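Here the structure is laid out as structure tokens; the discussion comes afterwards.
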Amino acid sequence: MTASRVDFSQLGVMIVDDNRHMRALLCSIMHALGIKRVKEVGDGETALTETGAFEPDILITDWHMEPMDGTTLVKTIRHSSEDLIRYMPIIMLSGHSDMVRVREARDCGVHEVLTKPVSAKSLLARLITIIEQPRPFIKTEQYFGPDRRRQDIGPPHGETDRRSGAASEGDDDATEISPEGVLAS
Amino acid sequence: MNPPPGETITPPNPLERAKTGDGPVKIDPNILRQAEQAVEELQDDYAGWVQKDIDGLSEALAQCSGRP
């Protein structure tokens, strides 16, 4: 079995963030990865309006925005009547890495949480994890979203499991990110 | 008491089309380097962007201060 690559030119990504500098950073990373279809919007409401026409494969959203924040956007997407939208992989960006916030994001139905400052390596790792390890969805009375139990699939691609210290596949050929390669929003 | 078990749904994975090959995905170091380069190039612009924002805020503050 030969190693696979990802042809990012096949993908369309929507970036939702009220900070235009952060949008510029994320768009720049997306284009550098080879993603040609990139749509950037400044808030959750616009994202919902544009989602139907743009049909993103992956949505990357900030948490704190007005008038509609990231968690409300995610919950609204998960309640969509269209499968293409309802099951869309979502990466949530957050300035807070504490467990309570990460759990809150996870419980609203995101696939991945990425804490700021965002690096190219961490974003690439999340994208590959989403593509390579699609999660089943769970539907209960209180929750609809990707399976929140990560223990069977390990940490995001190329990252270290904080519990065991073990690295996931892909770590061996991943380049280290220098502090200069990281931008805070 | 445990919550009632949920229904498990396996949606189709349209992102599969972006995968080339049948083995585990390896990060292409060239692509990662390109992405890092893109971030580094933005760093030069970033200070200018922030300065522009600060100038705008300072101007707004000055205008507000002048109108009690």
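What follows is calculated from the coordinates using simple rules that are stated; it is not laboratory data. Not measured: the values here are computed from a predicted model. Every residue, glycine among them, receives a Cβ derived from its backbone with ideal geometry; neighbour counts consider all protein chains shown.
Points to keep in mind about this one:
- Of the helices (runs of 4 or more DSSP H) that lie entirely inside region A:26-141, those containing 1 or more residues that are within 14 Å of chain B (Cβ to nearest Cβ) and farther than 24 Å from B:Lys19 by Cα span A:70-78, A:99-108.
- Scan of region A:28-37 for residues that are in contact (Cβ under 8 Å) with a residue 12 or more places away in the chain and surrounded by fewer than 19 Cβ atoms within 10 Å (Cβ to Cβ), ordered by number: A:Gly34, A:Lys36, A:Arg37
- Taken together, A:Gly95, A:Gly70, A:Gly109, A:Gly42 contain a single residue that is closer than 19 Å to A:Leu25 by Cα and crowded, with 21+ Cβ neighbours inside 10 Å, which is A:Gly70.
- The residues in region B:21-58 that are surrounded by 13 or more Cβ atoms within 10 Å (Cβ to Cβ), more than 21 Å from the chain's Cα centre (by Cα) and not aliphatic (A, V, I, L, M) can be counted, and the count is 3.
- Hits in region B:1-36 (condition: within 7 Å of chain A (Cβ to nearest Cβ), out of contact with any Pro (no Cβ under 8 Å at 6 or more places or on another chain) and among the polar types (S, T, N, Q)): B:Thr20, B:Gln34
- Filter pass, B:Ala60 being farther than 26 Å from A:Leu123 by Cβ and either more than 7 Å from chain A (Cβ to nearest Cβ) or in contact (Cβ under 8 Å) with a residue 60 or more places away in the chain (or both): yes
- Condition met for A:Asp83 (closer than 17 Å to B:Pro11 by Cβ and without any contact (Cβ under 8 Å) to a residue 24 or more places away in the chain): yes
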